[in-house]
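All remarks here apply to the structure that follows.
Derivation of every value follows stated rules applied to the coordinates shown; laboratory data play no part. Predicted, not measured: the structure shown is a model, and the values here were computed from it. In this analysis, Cβ positions are derived from the backbone assuming ideal geometry, glycine residues included, and neighbour counts consider all displayed protein chains.
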Amino acid sequence: GVGNVRFIQGDARKVCDGLVAEARSFDVCLADPPRAGAPGLAKWMRALSVRRVVYVACDPASLARDAAGLVEAGYKPVALQVVDMFPQTHHVEAVMSFER
């Protein structure tokens, strides 16, 4: 019964470009990119007038790069939580939120 949710499956870059072309805007974006991260994420978040970004990362270096882009685009880091989902390995997940 929720009317303000839309699920779209496809290549994230193409989907975002299409949403920008539709002049859409969003309150929140949940990004869970692959290990390589989401280069250019900040550009789309600004273009889509996203107020809050929640970024789930499996690679701290990709998170750092993409977080720097979000900060440059005017987003402020609000919270960071590291989650050890793979005990006894060096892999961690990180969840970081940003607001504009």
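Some observations on this one:
- For the chain, diffusion coefficient by Stokes-Einstein and Kirkwood Rh (Cα), 37 °C, 0.692 mPa s, µm²/s: 230
- Amide N of segment 5-31 lying under 18 Å from the label point, which is placed 7 angstrom from the Cα of LEU80 along Cα→Cβ: 31
- Protection proxy ranking, peptides 72-78, 8-14, average beta carbon neighbours within 10 Å, highest first: 72-78, 8-14
- Estimated distance in nm for a label pair at SER25 and GLN9, the labels positioned 7 Å out from Cα along Cα-to-Cβ: 3.1
- Normalised by the number of residues in segment 47-100, the average gap of Cα pairs under 8 Å and 6 or more apart makes the relative contact order 47 percent.
- For ALA57, neighbours were defined as the other residues whose beta-carbon sits under 14 Å from its Cβ, and their charges (Lys and Arg +1, Asp and Glu -1) total -3.
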